[in-house]
Amino acid sequence: MKRRRTALLSLTALVATGLTALPAAQAGADEVEQLRNGTFDTTTEPWWTTSNVTAELSDGQLCADVPGGTTNRWDATVGQNDLTLVEGETYRFSFSANGAPEGHVVRAIVGLSAAPYDTYFEVSPQLSVSGNAYTYTFTAPVGTTQGQVAFQVGGSADDWRFCMDDVSLLGGVAPEPYEPDTGPRVRVNQVAYLPSGPKNATLVTDATGKLPWQLRDARGKVVAHGWTVPRGTDVSSAQNVHSIDFGSYRKRGSGLTLTVDGETSRPFDIDADVYGQLRLDAAKYYYTQRSGIAIRDDLRPGYARPAGHLDVAPNQGDGAVPCQPGVCDYTLDVTGGWYDAGDHGKYVVNGGISVWELLSTYERALHARTGDPAAFRDRTLAIPESGNRVPDLLDEVRWELEFLLKMQVPEGQPLAGMAHHKIHDEQWTGLPLLPSDDPQKRELHPPSTAATLNLAATAAQAARLYKPYDREFAEKALKAARKAWAAALAHPDRYASESDGIGGGTYADNNVTDEFYWAAAELYLTTGEKEFANRVLNSPVHTADIFGPLGYDWARTAAAARLDLATVPNRLPGRDKVRKSVIKGADGYLATLKSHPYGMPYAPVDNVYDWGSNHQIAHNAVVIATAYDLTGAAKYRDGAVQSMDYLLGRNALNISYVTGYGEVSAQNQHARWYAHQLDPNQPNPPRGTLAGGPNSSIQDPYAQSKLQGCVGQFCYIDDIQSWSTNEHTINWNSALTRLASFVADQG
Ligand code: 9MR
């Protein structure tokens, strides 16, 4: 088809509306076509194809017969190379396409034509027989003269025919300003408030004086009313806001709304039961993250997939994984465990904090006044082990523990007893990619002190919790923990490298005093031995103020020790001071929550939201919850419960960060096998998956192209490409599991 004259048309249109004084880029004067022959009038040149595809002209389009039986999208491709892309320049990528039979998917990308084949922009529309026109705008994250436009059409079981026309990549177009759709200005917990719990909302408004609000039931009847409290400008969002407290209303109901300032909130319930479900969904997330086992459709309808990283092609498998060159000369069987996140890597430090947090969720239930040991009993999580008379949560966590144990350097090798920091692909892979389709070489990375201490801490914790169910496993775990502890003492400063981030994350941390403290604490709690008590008491971390604004995480693990020393029965001298330090930490977070117009225990220095801020908010709430467990004071219970509101919709973006919970929830988390946004045949992440959340540093190019200059809460986008604001991970869902479990217990 003949090229539409885009530049000319838009100029004519602008003249007609009298808007001739626009800057050049906006007027379209600099829009330059980057592709040659996108109209296929007489030839398909210079478009190339993979050898299994032949391109031909058909009715002025390029058509290709695509063979069935290939694995990956890129196994059958039509493309054009040698494009020059300019860093920071915005492009309009458009084409029309059709496919027969109906429903096949084309992955259209703009990227690098040479290794490592980076993708700068991609979409995967599902094609119809009659065809559609597609138009997208993106900003090039880097400059290159080896750019490429490619239409990847492989991965189908059956043969099909793909046709395209009017393919255009127009440079120099005006960037599209990104305006998130934040819905009504009244922000509520879109899921549920507890009947006897706190009930707060936030209104975004220009009004400076107080305003009347009404609470309505599902039939529209006003059941409560009152006045807002003006709060001025909220630092975390740069909005003028009011807060609303409707906690005196305590009746159960569903479909309630808050109306104020001419706006009506999204609907919500007043009910406790949904938190019992959220607690289970958050923990059920782990089964579908499992490596080395096929995921069963009867257990997770819609999420079945073949086992990943067993030694079945194209996987190179985790059955006998070598080290990176020069690191060791043995191989290890490191099958199993959970994939870390949206990638296929497995990292001991992140596995460690996740295991700890899930086990501590279980352990809290044994000791806390509102704990419910039956919550995660056998048959609660629908996993393959359900029915074995062991609490399902212990079964699920054991899948990861067994992997952590395999990461320990075997006897007779240099550094025996230490743990390898991580195992992952040699190179980063693209999206989507099922674990079973990953063709990359897998490598063990050097042992680190941090990983070794994570193993010591979690294996020691496991030893006391699995003992009633499997004495042998408990003994094995304790032995491994002791060995790891001794190895860490012998090699106290082997740090993972900051620059070892190709093919997987670095998880670098060069302060391990907190990991030493944590491992000593868990070993002490399990064995009661004096040696470990002394290590705890002599650690500078023991008396340090560890409850900072960012909250504990995989790198800041001191809180794991402090919370357990305060709550798990033990005879540590000076234990009262330990408990007081937790309460003091909780008081700090509670003060933050009270002064925050969005009612959350998070106010990072300079308003710099950290990577995974959502889980840090949950963690600060867990400290508050622990103060409730220690004191029984209602203010702590209410503070922890209220923190949940932020995650479930009471925030500047009016989004629930938990998939499937709330009227509008995050659903496009960065993921290689829940990549529905890129491949309609794949699912979204399962119900109960927490997104990382606002991250001021927006490290990924997609977020950079949309969110430049964002303020705090606005540094988030629900797009699969945004790995720095919108990934899902095992350590974030463990925070959700822990907090949801506490809230469920307050119902
Ligand atoms: O959550 C991690 C963040 O704290 C680190 O700064 C970052 C860089 O190491 O890595 C994040 O973790 C990612 C990991 O490296 C790879 N798997 C996905 C993780 C979540 O984005």
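The values are calculated or read from the model by the stated rules, or taken from the named source; none is laboratory data. What you are looking at is a predicted structure, and each value in this text was computed from that prediction instead of being measured. Backbone-built Cβ (ideal geometry, glycine too); neighbour counts: all protein chains shown.
Numerical summary
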item	result
Tally of residues being surrounded by 24 or more Cβ atoms within 10 Å (Cβ to Cβ) and small (Gly, Ala, Ser) across region 573-584	0
Test: residue in region 667-676 that is out of contact with any Cys (no Cβ under 6 Å at 6 or more places or on another chain), at pLDDT 95 or above, within 30 Å of Glu102 (Cβ to Cβ) and more than 16 Å from the ligand (Cβ to nearest atom)	yes
1 or more residues basic (Lys, Arg) and farther than 30 Å from Glu426 by Cα: qualifying strands (runs of 3 or more DSSP E) within region 200-317	212-216, 229-234
Extreme residue, nearest to the ligand (Cβ to nearest atom), among residues of region 716-734 that are within 22 Å of His344 (Cβ to Cβ) and aliphatic (A, V, I, L, M)	Ile730
Filter result for Asp587 (surrounded by fewer than 22 Cβ atoms within 10 Å (Cβ to Cβ) and of a type in the set (D, E, K, R))	yes
Qualifying residue in region 737-746 (condition: within 16 Å of the ligand (Cβ to nearest atom), touching a residue at least 60 places away in the same chain (Cβ under 8 Å) and surrounded by 23 or more Cβ atoms within 10 Å (Cβ to Cβ))	no
Matching residues, region 591-646, being outside any helix (DSSP H, G or I), surrounded by fewer than 24 Cβ atoms within 10 Å (Cβ to Cβ) and in contact with a Pro (Cβ under 7 Å, 6 or more places away or on another chain)	Ala603, Pro604, Asp610
Only listed residue being crowded, with 18+ Cβ neighbours inside 10 Å and more than 25 Å from the chain's Cα centre (by Cα), chosen from Asp269, Asp245	Asp269
From the options Gly612, Gly639, Gly599, residue that is of a type outside the set (Phe, Trp, Tyr), away from the ligand (no atom under 16 Å from the Cβ), in contact (Cβ under 8 Å) with a residue 12 or more places away in the chain and at positive phi	Gly599
Residue list for region 649-666, restricted to those being of a type in the set (A, V, I, L, M, F, W, C), buried (at least 24 other Cβ atoms within 10 Å of the Cβ), in a loop (DSSP other than H, G, I, E, B) and more than 16 Å from the ligand (Cβ to nearest atom)	Ala652, Ile655
Among the residues listed as Leu690, Leu707, the single one being over 21 Å from Ala618 (Cβ atoms) and either over 15 Å from the mean Cα position of the chain (by Cα) or within 14 Å of the ligand (Cβ to nearest atom) (or both)	Leu707
Residue check for Trp554: outside the structural domain of Arg398 (by TED's automatic domain parsing) and among the hydrophobic types (A, V, I, L, M, F, W, C)	yes
Those residues of region 177-218 which are without any contact (Cβ under 8 Å) to a residue 60 or more places away in the chain, surrounded by fewer than 22 Cβ atoms within 10 Å (Cβ to Cβ) and in contact with a strand residue (DSSP E or B) (Cβ under 9 Å, 6 or more places away or on another chain), in sequence order	Thr205, Asp206, Ala207, Thr208, Gly209, Lys210, Leu211, Pro212, Gln214, Arg216, Asp217, Ala218
Selection count, region 76-93, where residues are modelled with pLDDT under 95 and among the polar types (S, T, N, Q)	1
Selection count, region 331-343, where residues are more than 14 Å from Ala419 (Cα to Cα) and more than 10 Å from the ligand (Cβ to nearest atom)	4
Verdict on Gly326 being away from the ligand (no atom under 16 Å from the Cβ), surrounded by 16 or more Cβ atoms within 10 Å (Cβ to Cβ) and either hydroxyl-bearing (Ser, Thr, Tyr) or in a loop (DSSP other than H, G, I, E, B) (or both)	no
Residues satisfying the stated conditions in region 43-59, i.e. part of a loop (DSSP other than H, G, I, E, B) and modelled with pLDDT of 95 or more	Thr43, Thr44, Glu45, Pro46, Trp47, Thr50, Ser51, Asn52, Val53
Residue match in region 344-366 (condition: closer than 24 Å to Lys441 by Cα, in a loop (DSSP other than H, G, I, E, B) and within 16 Å of the ligand (Cβ to nearest atom))	yes
Condition check for Asn81: in contact (Cβ under 8 Å) with a residue 12 or more places away in the chain and within 13 Å of Val153 (Cβ to Cβ)	no
Test result for Gln721, at pLDDT below 95 and not hydrophobic (A, V, I, L, M, F, W, C)	yes
